[in-house]
Every structure is written in structure tokens, then in C-alpha cells.
Amino acid sequence: MGTIRDDVFLGTAEKYNQKLEMLAKMAQPEKWTYKKIQDIDPYRILRNYIQFTYNRLDEENKFISSADGKFRCMNTGLLTVYNQEIVAIFAQNERGGKLPWFFNGFFKETDKFFTTNFSSLPPLADYCDNVKDLIYDNCLELNLRKEHIIDDNFERFVEAGYSSKELISVLLDAAKVTLEKKLKRNFKLALPFYYR
């Protein structure tokens, strides 16, 4: 399994951010960063999204190559405001001893560069094999990993005004009871997420 950082030369941070800015303008409006860092890193969410989408598509072997093998393409999963697919295209890196691919940029499915090199759209990433994975099963026990929740994120609790780990543990137990009651009435409250 490759990752985008193992496979692709993305260019300088400045050039890559320019490409992300183009993508953000091309795609349907979305919030692409966190409020606290929007001035210093306006595309943090978008950058992570592209990275993890690339990694997942690599796991699923869902890249397509041009007929001459000089380019490969992935479906970003994003759409333009006119509902056109947005793809990322990578050129074969001809410099020896370097990463195998060079990032060209983001393109709409109707852009000439895409249609000249590819005859079909690459498939979307899949994150589950069974639709049941998307629905909370209230027959199962909700297990809180308190060590992870509290110890690995303690600074977040302190920022919120809670500095006692014992108090945080009690509050988590109370929240679990309330959440289980709500989930038994509406299974759609629990959202699945993909973790690689």
C-alpha cells in the first residue's frame, strides 16, 4: 500500500497550496479548514481529504492509466458546482531515483487534458463493503476507550475547563448512558468513519 507522500512529488508547499486553492474554487462550496488556523492553513481539511482519498484508492487499486502509461488519474470524489467529476492527474516522473509520479493538478471531467489522455472516469473510493456497517447496531455494547479519549486528548478537556481525569471519566459514563438511549430511538445519530 502506497501513500501519496511515498508515490507522488507534490511540488513545493506553496505550489501545492496553489493547486488546492484552485480545487477549492472549482469544487462545490465547502469549509476546507478549521477556524483557528484558517489564516495560516486555509486548506488543511482539503489537503487531508485528498491524501486519505489517494491512500484509499491505492488500497483498492482504483487508479486508471492513460493508454501510453505516461499519466494516471484518480477520482477525488468532489464535484463542481455543475456536478462535473473532479479528477487528479499524475504524470510519470522521468527523473531516476525520485518518486514515481509527479502531481499535474486537478481537472474537470470535461477538461481537454483529461479527455485527451483518458477514455473513462476513474471509480470512486469505497469505504465499506456492507451497508450494515453504516447503521448503528444497538444490540452491541457501546465501548468507550477512556484511555484514548482522556489521555490522548487531555489538553482538549483542559481547554474546555475540565482538568480532573476522574471527573471527565464520570462525565463520559453519563454521556454514554444518554447516547445509548438516543441511539435506540434513532440509529442515524451515530455516523461511521473510515480509519486507515
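Only the coordinates and a few stated rules stand behind these numbers; no lab work does. As the structure is a computational prediction, the values presented were derived from the model and not from experiment.
Computed over Cα pairs, the Kirkwood radius of segment 71-156 leads via Stokes-Einstein (1.002 mPa s, 20 °C) to a diffusion coefficient of 125 µm² per second. Pairs of alpha carbons in segment 4-117 separated by more than 22 Å make up 32% of all such pairs.
For the listed residue pairs LYS15/LYS98; LYS132/LYS181; LYS19/LYS62; LYS146/LYS182; LYS36/LYS182; LYS31/LYS132, the alpha carbons are over 24 angstrom apart in LYS36/LYS182; LYS31/LYS132.
Stretched out straight at 0.36 nm per residue, the stretch from CYS139 to LYS165 would grow longer than its current Cα-Cα span by 6.4 nm.
The mean of 1/r over all pairs of different alpha-carbon atoms in segment 131-189, once inverted, gives a Kirkwood hydrodynamic radius of 12.9 Å. Using only Cα positions of the chain, each an equal point scatterer, no hydration layer, compute I(q)/I(0) via Debye at q = 0.09, 0.15, 0.17 Å⁻¹ and quote the log10 values to two decimals. Listed by q, the Debye log ratios stand at -0.50, -1.05, -1.18.
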